[in-house]
Amino acid sequence: MKTKTLKKNKVNVITLGCSKNIVDSEVLMGQLRANHFEVEHESSNDDAAVVIINTCGFIDNAKQESIDTILKFSAAKQNGKIDKLYVTGCLSERYKPELEKEIPHVDAYFGTRDLPRILKTLKADYKQELLGERLLTTPNHSAYFKISEGCDRPCSFCAIPLMRGKHVSVPVEDLVKQAGQLAKNGTKELMIIAQDSTYYGLDLYKERKLAYLLERLSEVEGIDWLRLHYAFPSGFPADVLDVIKHNQKVCNYLDMPLQHISDNMLKSMRRGTTKQKTIDLVNMIRDKVPNIAIRTTLIAGYPGETEKDHEEMAEWVSNSRFDRLGIFTYSHEDNTHAFSLIDNVPAKVKQKRADHIMSIQQQISKELNEEKIGKTFKVLFDKKEGDYFVGRTEQDSAEVDNEVLVDAKTNYVRVGDFADIEITGAEDYDLFGVRADKQ
Ligand code: SF4
């Protein structure tokens, strides 16, 4: 009942979850291509004989999306639309025995560190010499750049250490080499990611080396922007701020998930910090780097969160005026420390609290955007969408932050290039502008 001639050496890779999973898929695809496989990412061509799903096992919604995707391709396999189905990534790492029992039509389940085994199963060789070589799934000019794997932090709500293991830094020289290869292929922006980027080097060099790494990466020819994500508040290496301030290539941008602000919640979450330390840290960051844009992520409805805790967070969000902010509703994850607590905040209340925080942030984002009208910013253009060229300032990361829209009928910019844009209009999460050099 085959509908299309399937290409035996063609692999369709499906990526779910976070930017770290995207990098893992890109590395896998780089290895497959080097082994003469035809490789596609999330293709709808339906002619690939082999499908590999790189799953996410982070929280409820993400887990459900991964399971639905496996079931979809399991059905496709049973209908002869694909020959082989393999599953890897965090959900598979975390629930392999259960998945093998529940969804048996998958040819094999792999963990998060099984690249050589996946390749062996496909009769391909793991090519060590390809270190870091990837098949980018992002626009060529901008790439996620994973500097370490795993995490040593004890955050009570988090299942990531269960799926990604202990913190392992990638050596500086390997990262510099990887950055050089990406730059050679036209990448200009590196979005630096990890589970905890500020922990970089502590395992390998017995000292925090993130500032040094940023300096080294900024010397790589062709790389114009280095953007820092996933900083951790406690033990924050202040020398990183000096690099952000003085090194033109390091964006005035910092993504630092803070999760909550009430001492009651921070203690139960085992975040290793307090309300006052968090406020002092944010103030110190802004004092040291005045134009920095801070992105943070919070959790609503953690076990034991009272209305008072929530109001405390709402007031703090109002006062802190973060440039970018996202919030998750708490997900009761088995085998985490918090799983021993009672998940006593009803789902409706979790969502109501999350919506409340985002309504505060929406107003703040609009006001901060309006302050940009009349100013000129260096913008990296990612795509053309409808009537607009769409780009980002150094204060906006891909996929999660604001965008700058430039009318394509009256302005010309090259996708993948920078241009100076004068801001002429603002909305909650978008800016509008014209070329500043427009005659
Ligand atoms: S820092 Fe905390 S929240 Fe982040 S991955 Fe590690 S344990 Fe999870």
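Which of the residues spanning the stretch 151-208 are of a type in the set (Val, Ile, Thr) and under 15 Å from Phe232 (Cα atoms)?
If the condition is that a residue be of a type in the set (Val, Ile, Thr) and under 15 Å from Phe232 (Cα atoms), then Ile160, Ile192, Ile193, Thr198 are the ones that fit.
How about the stretch 123-137: which of its residues are surrounded by fewer than 17 Cβ atoms within 10 Å (Cβ to Cβ), in a loop (DSSP other than H, G, I, E, B) and hydrophobic (A, V, I, L, M, F, W, C)?
Across the stretch 123-137, the qualifying residue is only Leu131.
How many residues does the stretch 187-244 contain that are out of contact with any strand residue (DSSP E or B) (no Cβ under 7 Å at 6 or more places or on another chain), within 16 Å of the ligand (Cβ to nearest atom) and of a type in the set (Gly, Ala, Ser)?
The number of residues fulfilling the criteria is 2.
If only one of Ile103, Ile118 is surrounded by fewer than 17 Cβ atoms within 10 Å (Cβ to Cβ) and more than 16 Å from the ligand (Cβ to nearest atom), which one is it? Walk me through it before giving the result.
Details: Ile118 fails: surrounded by fewer than 17 Cβ atoms within 10 Å (Cβ to Cβ).
The conditions single out Ile103.
Cβ-Cβ distance below 8 Å, separation of 6 or more or different chains: which pairs start in the stretch 41-52 with a residue that is over 18 Å from Thr88 (Cβ atoms) and end on one that is of a type outside the set (Val, Ile, Thr)?
Asn45/Asn12; Asp46/Lys4; Asp46/Lys81; Asp47/Lys4; Asp47/Leu6; Asp47/Lys7; Asp47/Lys10
Quick one: which of Lys10, Lys20 is among the charged types (D, E, K, R), in contact with a Phe, Trp or Tyr (Cβ under 8 Å, 6 or more places away or on another chain) and closer than 24 Å to Ile192 by Cβ? Reasoning before the result, please.
On the way: Lys10 fails: closer than 24 Å to Ile192 by Cβ.
Result: Lys20 is the single residue among Lys10, Lys20 that is among the charged types (D, E, K, R), in contact with a Phe, Trp or Tyr (Cβ under 8 Å, 6 or more places away or on another chain) and closer than 24 Å to Ile192 by Cβ.
Are there any strands (runs of 3 or more DSSP E) wholly within the stretch 372-433 with 3 or more residues that are open to solvent by 20 Å² or more (accessible area, probe 1.4 Å), and if so which?
In the stretch 372-433, the matching strands (runs of 3 or more DSSP E) lie at 376-385, 403-407, 418-426.
If I ask for residues that are closer than 23 Å to Arg227 by Cα and surrounded by fewer than 19 Cβ atoms within 10 Å (Cβ to Cβ), which ones from the stretch 293-319 would you list?
Scanning the stretch 293-319 gives a single hit, Thr297.
At least 1 residues that are modelled with pLDDT under 95, small (Gly, Ala, Ser) and buried (at least 18 other Cβ atoms within 10 Å of the Cβ) in each: list the strands (runs of 3 or more DSSP E) lying fully within the stretch 1-61 that qualify.
Once the strands (runs of 3 or more DSSP E) in the stretch 1-61 are filtered for at least 1 residues that are modelled with pLDDT under 95, small (Gly, Ala, Ser) and buried (at least 18 other Cβ atoms within 10 Å of the Cβ), what remains is 48-55.
If a residue must be more than 22 Å from Phe58 (Cβ to Cβ) and assigned to a helix (DSSP H, G or I), how many such residues does the stretch 68-100 contain?
The qualifying residues number 4.
Would you pick out the residues in the stretch 224-239 that are surrounded by fewer than 18 Cβ atoms within 10 Å (Cβ to Cβ) and either assigned to a loop (DSSP other than H, G, I, E, B) or hydroxyl-bearing (Ser, Thr, Tyr) (or both)?
Residues satisfying the conditions are Ser234, Gly235, Ala238.
Could you check Ser169 against (1) open to solvent by 30 Å² or more (accessible area, probe 1.4 Å); (2) within 16 Å of the ligand (Cβ to nearest atom) and say which number it fails?
Among (1) open to solvent by 30 Å² or more (accessible area, probe 1.4 Å); (2) within 16 Å of the ligand (Cβ to nearest atom), Ser169 violates only (1).
Among the residues in the stretch 348-363, are any touching an Asp or Glu at 6+ places or on another chain (Cβ under 7 Å) and surrounded by fewer than 20 Cβ atoms within 10 Å (Cβ to Cβ)?
yes
Give the residue that is farthest from the ligand (Cβ to nearest atom), with candidates limited to residues of the stretch 247-288 that are β-branched (Val, Ile, Thr) and in contact with an Asp or Glu (Cβ under 9 Å, 6 or more places away or on another chain).
Looking only at the stretch 247-288, we keep the residues that are β-branched (Val, Ile, Thr), and these are 250, 261, 273-274, 278-279, 282, 285.
Then keep just the ones that are in contact with an Asp or Glu (Cβ under 9 Å, 6 or more places away or on another chain); that gives 250, 261, 274.
On the way: Val250: 22, Ile261: 16, Thr274: 16 Å.
Ranking the qualifying residues of the stretch 247-288, first place goes to Val250.
Tell me yes or no: at least one residue of the stretch 140-147 is buried (at least 20 other Cβ atoms within 10 Å of the Cβ) and either among the β-branched types (Val, Ile, Thr) or within 11 Å of the ligand (Cβ to nearest atom) (or both). First the steps, then the outcome.
Step one: filter the stretch 140-147 for residues buried (at least 20 other Cβ atoms within 10 Å of the Cβ), giving 141-147.
If we keep only those that are either among the β-branched types (Val, Ile, Thr) or within 11 Å of the ligand (Cβ to nearest atom) (or both) as well, we get 147.
Within the stretch 140-147, one or more residues are buried (at least 20 other Cβ atoms within 10 Å of the Cβ) and either among the β-branched types (Val, Ile, Thr) or within 11 Å of the ligand (Cβ to nearest atom) (or both).
Which residues, counting only those in the stretch 339-380, are small (Gly, Ala, Ser) and over 15 Å from Asp60 (Cα atoms)?
Ser340, Ala354, Ser359, Ser365, Gly374
State which residue pairs qualify: first residue under 18 Å from Cys18 (Cα atoms) and of a type in the set (S, T, N, Q) and inside the stretch 140-159, second residue modelled with pLDDT of 95 or more and near the ligand (Cβ under 7 Å from one of its atoms) in any location, beta carbons under 9 Å apart, and separation of 6 or more residues or different chains.
Hits for this filter: Ser148/Gln195; Ser148/Asp196.
Only one residue in Leu241, Leu281 is in contact with a helix residue (DSSP H, G or I) (Cβ under 6 Å, 6 or more places away or on another chain) and within 21 Å of Asp196 (Cβ to Cβ), so which one is that? Give the steps one after another, and end with the answer.
Values: Leu281 fails: in contact with a helix residue (DSSP H, G or I) (Cβ under 6 Å, 6 or more places away or on another chain).
On inspection, the qualifying residue turns out to be Leu241.
The values are calculated or read from the model by the stated rules, or taken from the named source; none is laboratory data. The structure presented is a predicted model; accordingly, all values stated were derived computationally and were not measured. Methodologically, a virtual Cβ is constructed for each residue, glycine included, from the backbone with ideal geometry; neighbour enumeration extends over all protein chains shown. In case anyone asks, the SASA skips ligands and DNA or RNA and just uses the protein heavy atoms, side chains included. Shrake-Rupley method; radii C 1.70, N 1.55, O 1.52, S 1.80 Å.
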